[in-house]
Amino acid sequence: MAQHEQVRVAVIGSGFGGLGAAVRLRREGITDFVVLERAGGVGGTWRDNSYPGCACDVPSHLYSFSFAPNPDWPRTFSGQEHIRAYLEHVADVFGLRPHLRFDAEVKRMTWDAEALRWDIETAAGSFSADVVVSATGPLSDPKIPDVPGLDSFPGKVFHSARWDHDYDLRGKRVAMVGTGASAIQIVPAVQPEVARLTLFQRTPPWVMPRVDRGISAAERRLHRALPFTTQARRGLLWGIRELQVQAFTKRPDELGLVESLAKRNMARAIKDPALRARLTPDYRIGCKRILLSSAYYPALAQPNVDVVASGLSEVRGSTVVAADGTSAEVDAIIFGTGFHVTDMPIAERVVGADGRTLAESWKGGMEALRGASAAGFPNWMTIIGPNTGLGNSSMILMIESQLNYLADYLRQLRVLGGRAALDARPGAVAAWNHRVQERMKRTVWNTGGCTSWYLDANGRNTTIWPGTTTEFRRATRRVDLAEYEVIRPPVPGGGGTGGSGGEKAVDAEVGA
Ligand SMILES: Cc1cc2nc3c(=O)[nH]c(=O)nc-3n(C[C@H](O)[C@H](O)[C@H](O)COP(=O)(O)OP(=O)(O)OC[C@H]3O[C@@H](n4cnc5c(N)ncnc54)[C@H](O)[C@@H]3O)c2cc1C
């Protein structure tokens, strides 16, 4: 039955971002909140991506919350099922269950400028909240390209993030579309059982070996007995990546050596020079996400695999046709074609102070103050918002920085007292974004000679953070009220809302 609930904070999504926000709210003494989740369980990415071979590219001692260390990770790079179980555990241990509302897809949220709160319509009833934390994830809405003829394909079609476990791939002729992070995990997992695998590759990725191993019982015992050893391990993993990022952001020319290592990795498994040529990227390593696999190239060298160095352009009956004319008859098509990243569906559903949606406001490209606040959307904050992505380290570090910002945001509202809302000043958002984009100019993501999902339709990089995680942590330590307009409820007959004073130009610090 439809219901209405009024809360202080509504968190949307129950992946790392949403659950992290929920833990942080409780730690700040806020218990009047709900977590609205469209699915039937927690986990986000790690619930939805259950494809064969799905695993993390960042060691789990780093890809986990600092406040919830897990001494029992079974492998250096954990598989999906272990990360999902970890998030279930976090939901239990931190007492989050009473706050979770499942099957509650947010359809629309509208800012009520009179009441200073968000009205939220969901599949499980309506809610109103003083503050919204949007943690819907940048990689949560799968993207399937519009391929002519796909609708009339008689076989099975699915996306890597919506794996059909009822479909038996054994003995089937399968087309795998895409060569991104998911595809390179799927290929070696399914290659031994399918009759034929045709891989459609628009652009070859750079692939480095994955040094994965089981974590021994002795190591785990040590981590359990001496918790600081888990912290030390995490610190080391973090420090290495923190140093690496300098090459991506400041000195892309130094990445040539890493390219040689990646080429050697390929040459070890791929003996056929023609296939090697097809698999060799023509852009700087790091421009697209560097992929980790020790099984991908050996799988491609198997006789039941065809690598088509061209994208899928058409489907004719059960025949898949590449842009270069290569064709194959298949029983199933698996899309490893990524997600709606720079055109997040949630943005269509957020209606701000002037009646415009976030998607309309972001027509020229996504931008948010410190990756969190969009101008015209008071008391609305996003976790992993624009320009918070990482090319080489753990997104959990960025999420935790944003949780610090969220905590201070709520503290500032409390200090202001009474009914109040904070709206990012357009000047502050623009200043922040300008500094981010200026720094982006020399990074490998912008200079490396590739097209990637980091770039939006205008060719602007609105996804990646062009600095170290330490710099981001510093930039999100606290909320600078000068960057926000303080909104008070309209005074009856007084005409309009009360602001906090004149516009102040803010030179936001984007790193040092
Ligand atoms: C296959 C894969 C591998 C990855 N590997 C790595 C890695 O190695 N290292 C790394 O740092 N990152 C990796 N990532 C990125 C990963 O997405 C982030 O690290 C992190 O898990 C994101 O957490 P999140 O909570 O922000 O989003 P998500 O985990 O995507 O959670 C978002 C949640 O919001 C819910 N939601 C969305 N829209 C609505 C709505 N309208 N109403 C209600 N609920 C909604 C979704 O159902 C979902 O549960 C990977 C991503 C994928 C897809």
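The values are calculated or read from the model by the stated rules, or taken from the named source; none is laboratory data. Given the structure is predicted, the values throughout are model-derived calculations rather than measurements. Quick reminder, even Gly has a Cβ in these numbers, built from the backbone with ideal geometry, and neighbours come from all protein chains shown.
Taking the numbered list (1) farther than 27 Å from Ala189 by Cα; (2) near the ligand (Cβ under 10 Å from one of its atoms) in turn, Ser66 passes all entries but (2). The numbered conditions (1) within 16 Å of the ligand (Cβ to nearest atom); (2) crowded, with 20+ Cβ neighbours inside 10 Å; (3) acidic (Asp, Glu) are all true for Asp130 except (1).
When you check Gly385 against the structure, is it of a type in the set (Gly, Ala, Ser), at pLDDT below 95 and under 16 Å from the mean Cα position of the chain (by Cα), yes or no? No.
Yes or no, residue by residue, for (1) in a helix (DSSP H, G or I); (2) at pLDDT 95 or above; (3) crowded, with 16+ Cβ neighbours inside 10 Å; (4) in contact with a Ser or Thr (Cβ under 9 Å, 6 or more places away or on another chain):
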{"position": "His223", "(1), (2), (3), (4)": "yes, yes, yes, yes"}
{"position": "Thr229", "(1), (2), (3), (4)": "yes, yes, no, no"}
{"position": "Val245", "(1), (2), (3), (4)": "yes, no, yes, yes"}
{"position": "Leu257", "(1), (2), (3), (4)": "yes, no, no, no"}
{"position": "Met266", "(1), (2), (3), (4)": "yes, yes, yes, yes"}
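Only one of the listed residues (Asp151, Asp253, Asp166) is outside any loop (DSSP other than H, G, I, E, B), over 29 Å from Trp445 (Cβ atoms) and over 24 Å from the mean Cα position of the chain (by Cα). That residue is Asp151. Among the residues of region 155-209, those that are among the polar types (S, T, N, Q) and either out of contact with any Pro (no Cβ under 9 Å at 6 or more places or on another chain) or more than 16 Å from the ligand (Cβ to nearest atom) (or both) comprise Ser182, Gln191, Thr198, Gln201, Thr203. Close Cβ contacts (under 8 Å, 6 or more residues apart or on different chains) running from residues in region 7-22 that are under 11 Å from Val42 (Cβ atoms) to residues that are among the polar types (S, T, N, Q) and more than 7 Å from the ligand (Cβ to nearest atom) comprise Gly13/Ser134. For region 5-43, the candidate set comprises residues that are over 21 Å from Asp408 (Cβ atoms) and polar (S, T, N, Q); within that set, the residue that is farthest from the ligand (Cβ to nearest atom) is Gln6.
Among the residues of region 315-331, just one is within 30 Å of the chain's Cα centre (by Cα) and surrounded by fewer than 21 Cβ atoms within 10 Å (Cβ to Cβ), namely Ala323. A single entry from Ile334, Ile399, Ile384 fulfils the requirement of being of a type in the set (A, V, I, L, M, F, W, C), more than 25 Å from Met440 (Cβ to Cβ) and crowded, with 21+ Cβ neighbours inside 10 Å: Ile334. Scanning region 425-448 turns up no residue that is in the same structural domain as Ala22 (by TED's automatic domain parsing), surrounded by fewer than 17 Cβ atoms within 10 Å (Cβ to Cβ), at pLDDT 95 or above and of a type in the set (D, E, K, R).
Selection over region 215-231 of residues that are within 16 Å of Ser78 (Cα to Cα) and out of contact with any Pro (no Cβ under 7 Å at 6 or more places or on another chain) gives a count of 3.
Per-residue answers, yes or no, for (1) without any contact (Cβ under 8 Å) to a residue 60 or more places away in the chain; (2) touching a His at 6+ places or on another chain (Cβ under 9 Å):
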{"residue": "Gly178", "(1), (2)": "no, no"}
{"residue": "Arg196", "(1), (2)": "no, no"}
{"residue": "Arg210", "(1), (2)": "no, no"}
{"residue": "Ile215", "(1), (2)": "no, yes"}
{"residue": "Lys250", "(1), (2)": "no, no"}
{"residue": "Leu261", "(1), (2)": "yes, no"}
{"residue": "Arg278", "(1), (2)": "no, no"}
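A count restricted to region 378-423 and to residues that are within 15 Å of the ligand (Cβ to nearest atom) and either under 30 Å from Leu243 (Cβ atoms) or assigned to a helix (DSSP H, G or I) (or both) stands at 24. Among the residues of region 96-127, those identified as in contact (Cβ under 8 Å) with a residue 12 or more places away in the chain and over 25 Å from the mean Cα position of the chain (by Cα) are Trp111, Asp112, Ala113, Glu114, Ala115, Leu116, Arg117, Ala124, Gly125, Ser126, Phe127. In summary, Ala55 fulfils each of the numbered conditions (1) under 24 Å from Thr382 (Cβ atoms); (2) within 11 Å of the ligand (Cβ to nearest atom); (3) aliphatic (A, V, I, L, M) with the single exception of condition (1).
Answer yes or no as to whether Pro298 is of a type outside the set (Ser, Thr, Tyr), modelled with pLDDT of 95 or more and within 15 Å of Ile184 (Cα to Cα).
Considered against the rule, which asks whether it is of a type outside the set (Ser, Thr, Tyr), modelled with pLDDT of 95 or more and within 15 Å of Ile184 (Cα to Cα), Pro298 comes out as yes.
Taking region 20-50, which residues are over 25 Å from Ala10 (Cβ atoms) and surrounded by 23 or more Cβ atoms within 10 Å (Cβ to Cβ)?
Across region 20-50, the qualifying residue is only Asn49.
Give region 135-154 a look and list any residue that's within 12 Å of the ligand (Cβ to nearest atom) and either at negative phi or outside the structural domain of Gln80 (by TED's automatic domain parsing) (or both), or say none.
Result: Ala135, Thr136, Pro138, Leu139, Ser140, Asp141, Pro142, Lys143.
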